[in-house]
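Each remark here refers to the structure printed beneath this line.
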Amino acid sequence: MLRFFNTLTRKKEVFETIEDKIVKMYTCGPTVYDFAHIGNLRAYIFEDILHRFLEYSGWTVKRVMNITDIDDKTIAGAKKDGVSLNRFTEKYINAFFEDIRKLRIKIDNIIFSRATEHVPEMVSIIKILMEKGYAYKKENSIYFRISAFPGYGKLSHLDFSEIKTGASVDADEYEKESARDFVLWKGEKDDFSWDTEIGRGRPGWHIECSAMGMKYLGETFDMHTGGVDNIFPHHENEIAQCEMATGKPFVRYWLHCEHLLVNGEKMSKSKGNFYTLHSLLEKGADPVAIRYLLMTTHYRDPLNFTEKSLVQAKNTVDRWNDFYKRIKDARPDVKKNDSISKECIKAENTFREALEDDLNVSKALAGIFELMHFVNNSIAENNISHENLNEAGNLLEKVDYVLQILKPSGETIEPEILGLIEEREQARKTGDFSSADKIRNILREKGIILEDTPSGPRWKKTG
Ligand code: AMP
Ligand code: ZN
């Protein structure tokens, strides 16, 4: 049973979606005014593990990640460089995709939506809010009236009853103490503006995510994620404007990742205490070790980044891969050892149950480490068969769909393909060769070639 800690209720809750086995999930993506730092990347890795584990567990994930390519910071950057907004953001959008690819963060099956391509959707929500009297125009800008929304503060668990003064704020980000009517639309006349029914201007940050989330996932959807710094004001404001516009609950589960710290302080561009992926790779860091380091601390605990911890992560990743190579290369000739099969099942159960419990990655990994220890001892004692090694290898490949730490192939196999390979192996073992051949053909159509070796089937991707 899957359980996640929901920021909205501050409880670990059983995860139930609107449609059976389908998760509709929205992730706050990058603001593309600079290169991502590894704090941002920690958030994306947490979301990647979440996405991959849901798929591993048989869920279909419909997911949107926005690219904020217009806000105070991107405009300031474009003005400074004297180029168009698109020209300015293009470089950082490309760098973002390059970074996440290197960290083996999933890209396929995700809608990456750019704010600048969804202005009409934002305008229509703002129009509804104005018609209902929840938004008002002041000079040329439009603000959301937070006193109109009784639930304001329910996500951040802050009490705003004292500060509903009607004062408004234009900035996208601000301090809790200054919770004010926030800007939905900035009435501006410069080059970074759109001509729309609500006047010439450009959207505020919060309305961007609401419009893109509701467009692709519906007025109420299952899950919304981001870093803890997004809780207030960004997500609080999203809830207010969406729920007032639709009259429906916006999102059921809110999951937030804690910060990456450097010397106890949040890693951020404004503090200047940040590492980019590029800078670490230039110093010779291994991207898989960075991924490993960023995913092993529980996502709700702060993670203090040190270069020493990166060296430790590298050692562990190397050990993991050495083990995988060892079991691939070993050529034992002893009979099957049933205790290995049991250990594999136990490791897989630990892995699954730990991740089902609010994504406890380190406990999930501990299950696999225990298996490694057992297999290593059995190899040393010459008490392990080809079949056993194959079981352990298959398990490592299976969990790698979520973890993404096996090298060098970088090739992973989807859980349903692995299921088919296992099904075929069962058919073969029971002598049902016609089913086995049928499954082999299905796999071939899916681009997977099987080769039967003395230690069991091996797979290869075509082309
Ligand atoms: P931004 O590009 O600033 O909009 O941030 C993109 C994502 O990274 C958001 O989900 C942020 O909450 C998250 N984030 C920003 N700084 C950190 C940090 N130091 N640690 C973890 N996540 C962060
Ligand atoms: Zn957002």
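The values are calculated or read from the model by the stated rules, or taken from the named source; none is laboratory data. Only a predicted model underlies this, so the values are computations on that prediction, with no experimental measurement involved. Virtual Cβ from ideal backbone geometry, glycine too; neighbours counted across all protein chains shown. Side chains included, ligands, DNA and RNA excluded: accessible areas come from the protein's heavy atoms. Shrake-Rupley method; radii C 1.70, N 1.55, O 1.52, S 1.80 Å.
Which residue, of Leu281, Leu293, is closer than 30 Å to Arg319 by Cβ, within 16 Å of ligand 1 (Cβ to nearest atom) and either among the aromatic types (Phe, Trp, Tyr) or part of a helix (DSSP H, G or I) (or both)? Before the answer, list the steps.
Details: Leu281 fails: within 16 Å of ligand 1 (Cβ to nearest atom).
That would be Leu293, the only listed residue that is closer than 30 Å to Arg319 by Cβ, within 16 Å of ligand 1 (Cβ to nearest atom) and either among the aromatic types (Phe, Trp, Tyr) or part of a helix (DSSP H, G or I) (or both).
Considering only residues that are assigned to a strand (DSSP E or B) and of a type in the set (Lys, Arg), look in the range 238-278 and name the one that is most open to solvent (accessible area, probe 1.4 Å).
Of all residues in the range 238-278, those assigned to a strand (DSSP E or B) come to 251-257, 260-262, 265-266, 276.
From the residues that got through so far, the ones that are of a type in the set (Lys, Arg) too are 252, 266.
Values: Arg252: 91, Lys266: 62 Å².
The qualifying residue most open to solvent (accessible area, probe 1.4 Å) is Arg252.
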Count of residues meeting criterion [more than 13 Å from ligand 1 (Cβ to nearest atom) and open to solvent by 10 Å² or more (accessible area, probe 1.4 Å)] in the range 36-62: 9
Scan of the range 316-375 for residues that are hydroxyl-bearing (Ser, Thr, Tyr) and under 30 Å from Thr225 (Cβ atoms), ordered by number: Thr316, Thr350, Ser362
Sole exception among (1) within 16 Å of ligand 2 (Cβ to nearest atom); (2) out of contact with any Cys (no Cβ under 6 Å at 6 or more places or on another chain) for Lys80, by number: (1)
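Would you be able to say whether some residue in the range 411-432 is on the phi > 0 side of the Ramachandran plot, open to solvent by 10 Å² or more (accessible area, probe 1.4 Å) and at pLDDT below 85? Steps first, answer last, please.
At the first step, the residues of the range 411-432 found to be on the phi > 0 side of the Ramachandran plot are 431.
Next cut, open to solvent by 10 Å² or more (accessible area, probe 1.4 Å) only: 431.
Then drop every residue that is not at pLDDT below 85, which leaves none.
Within the range 411-432 (the criterion being on the phi > 0 side of the Ramachandran plot, open to solvent by 10 Å² or more (accessible area, probe 1.4 Å) and at pLDDT below 85), the answer is no, since none of the residues qualifies.
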Residue check for Ile107: farther than 21 Å from Ala211 by Cα, assigned to a loop (DSSP other than H, G, I, E, B) and more than 16 Å from ligand 2 (Cβ to nearest atom): yes
Per-region count, the range 190-220, residues touching a residue at least 24 places away in the same chain (Cβ under 8 Å), in contact with a Gly (Cβ under 8 Å, 6 or more places away or on another chain) and assigned to a loop (DSSP other than H, G, I, E, B): 0
In the range 433-463, the residues that are surrounded by fewer than 17 Cβ atoms within 10 Å (Cβ to Cβ), modelled with pLDDT of 85 or more and among the β-branched types (Val, Ile, Thr): Ile442
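Run down Asp191, Asp195 and say which single residue is modelled with pLDDT of 95 or more, more than 25 Å from Val64 (Cβ to Cβ) and open to solvent by 20 Å² or more (accessible area, probe 1.4 Å).
Details: Asp191 fails: modelled with pLDDT of 95 or more.
None of the others qualify; the one that does is Asp195.
Does His235 satisfy the criteria of being crowded, with 22+ Cβ neighbours inside 10 Å, under 15 Å from Phe46 (Cβ atoms) and within 16 Å of ligand 2 (Cβ to nearest atom)? Steps first, answer last, please.
Working: crowded, with 22+ Cβ neighbours inside 10 Å: yes; under 15 Å from Phe46 (Cβ atoms): no; within 16 Å of ligand 2 (Cβ to nearest atom): yes.
It is false that His235 is crowded, with 22+ Cβ neighbours inside 10 Å, under 15 Å from Phe46 (Cβ atoms) and within 16 Å of ligand 2 (Cβ to nearest atom).
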Tally, over the range 16-35, of residues that are of a type outside the set (D, E, K, R), away from ligand 2 (no atom under 15 Å from the Cβ) and open to solvent by 10 Å² or more (accessible area, probe 1.4 Å): 4
Test: residue in the range 365-381 that is on the phi > 0 side of the Ramachandran plot, surrounded by fewer than 18 Cβ atoms within 10 Å (Cβ to Cβ) and of a type outside the set (Gly, Ala, Ser): no
Checklist (1) under 16 Å from Pro203 (Cβ atoms); (2) part of a strand (DSSP E or B); (3) touching a Ser or Thr at 6+ places or on another chain (Cβ under 6 Å) applied to Ile67, failing item: (3)
